[in-house]
1. Kindly indicate whether residue 192 is assigned by TED's automatic domain parsing to the domain that holds residue 164 and within 23 Å of the chain's Cα centre (by Cα).
2. Return the pairs, sorted by first residue and then second, in which the second residue is acidic (Asp, Glu) and surrounded by 17 or more Cβ atoms within 10 Å (Cβ to Cβ), the first residue lies in the range 9-31 and is under 18 Å from residue 46 (Cα atoms) and touching a residue at least 12 places away in the same chain (Cβ under 8 Å), the beta carbons are less than 6 Å apart, and the residues are 6+ apart or on different chains.
3. So, in the range 237-272, exactly how many residues are over 22 Å from residue 162 (Cα atoms) and surrounded by fewer than 22 Cβ atoms within 10 Å (Cβ to Cβ)?
4. Among 27, 49, 76, which is the only one that is over 21 Å from residue 229 (Cα atoms) and touching a Pro at 6+ places or on another chain (Cβ under 6 Å)?
5. Checking the structure you have, find out if any residue of the range 270-288 is in contact with a Lys or Arg (Cβ under 7 Å, 6 or more places away or on another chain), touching a residue at least 40 places away in the same chain (Cβ under 8 Å) and in a strand (DSSP E or B).
6. What are the residue pairs meeting all of these: first residue in the range 54-79, first residue under 15 Å from residue 92 (Cβ atoms), second residue at pLDDT below 95, Cβ atoms under 6 Å, and 6 or more apart or on different chains?
7. Go through the range 220-268 and give me each residue that's in contact (Cβ under 8 Å) with a residue 60 or more places away in the chain and in a strand (DSSP E or B).
8. Could we say that residue 129 is in a loop (DSSP other than H, G, I, E, B) and surrounded by fewer than 16 Cβ atoms within 10 Å (Cβ to Cβ) here?
Amino acid sequence: MRVVFFGSPPTALPALSGLLSAGHEIKLVITQPDKPAGRGKKLTPPAVKVFAEDHGLPYLQPEKIRKDEKVLEAIKEANPDINIVVAYGQIIPGSIIYLPPLKSINIHFSLLPKYRGAAPVQWAILNGERFTGVTIFQLTEKMDEGPILTQELVPILPRENAHELETRLSHLGAQLLLRTIEKIGSLEPKEQDHSLATYAPKLTKEQGRIDWQQTAEAIDRQVRAFFGWPGAFAFHNGQRLEIISGQVTQGLMPAARPGEVVQLDKSGIYVCCGQKTFYLIEKVKPEGRKEMSAFSFSLGGKVRVGTILE
């Protein structure tokens, strides 16, 4: 099948690689422009562009696809049977969506109509969902509202963070995509029940700030959901301290205020949370420094029992 592929981050790579391995012809790749990244703000290409270059695939990086007539002409010239979209990052216009004979399909990392939007994996973890999944649906001009072709449900593992879950879903989605394409002519698209829709808007940096008045369970979900971006964080001596990993801890602990360190040992830093619950911080990333164990940070960071994490 002739394909124009739209995608940008690493989570799009399993689908693109799977299509190539299955013998589909990638006529054109559309991905995001290079963007500044890291402390030096060096221009960095998206993972899909790197893959395209490594495999000799033609690609385009429009700044705004909705206003770029050259992209439309390039897709017409590619003459695809279908457009396939995986975490592309821009709104695709109808002139492109409906161009191929089989139109366009999208892989979305939730069980639509739940968690429409940019951050479905993060919000599923944050909200304490026990299950999520992958949906392949027909793309329309409305965000994640198109008819569903196939779905697959999976459990969210107890200590799984957003990066781990999204990676797992990306491989699951790639396999489901290939099975969907094989029988796409015989599939009956199912309209979504829009009354059941929930949304997963793009995250902001400030949402990562920990409120120690919350329960340890809620803070644990925040740490796992915001792993990588925007990161769950508190402040110690005025410096941002990102919490990389930790867990809810049980057992008797001394009475303390939310945010107060109640115990230190080689397992990490034990902090009092809301409703007299306790969270064990295992790994941290201090501002301007590398990731380290919480115990190592406590030794050099002057963290003591009674220290308050803001």
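1. Spelling it out, residue 192 is indeed assigned by TED's automatic domain parsing to the domain that holds residue 164 and within 23 Å of the chain's Cα centre (by Cα).
2. Cβ pairs passing all conditions: 11/166.
3. Going through the range 237-272 one residue at a time, the tally reaches 21.
4. Exactly one of 27, 49, 76 is over 21 Å from residue 229 (Cα atoms) and touching a Pro at 6+ places or on another chain (Cβ under 6 Å), namely 27.
5. yes
6. Pairs that qualify, where the first residue is under 15 Å from residue 92 (Cβ atoms) and the partner is at pLDDT below 95, are 62/68.
7. Going through the range 220-268, the residues in contact (Cβ under 8 Å) with a residue 60 or more places away in the chain turn out to be 221-228, 234-237, 241, 245, 247.
Across the range 220-268, the qualifying residues are 234, 235, 236, 241, 245, 247.
8. For residue 129, the condition - in a loop (DSSP other than H, G, I, E, B) and surrounded by fewer than 16 Cβ atoms within 10 Å (Cβ to Cβ) - is not met.
The values are calculated or read from the model by the stated rules, or taken from the named source; none is laboratory data. On a predicted model such as this, the values are computed, not experimentally measured, just so you know. Using ideal geometry, Cβ is built from the backbone for each residue, glycine included, and neighbour counts are taken over all protein chains shown.
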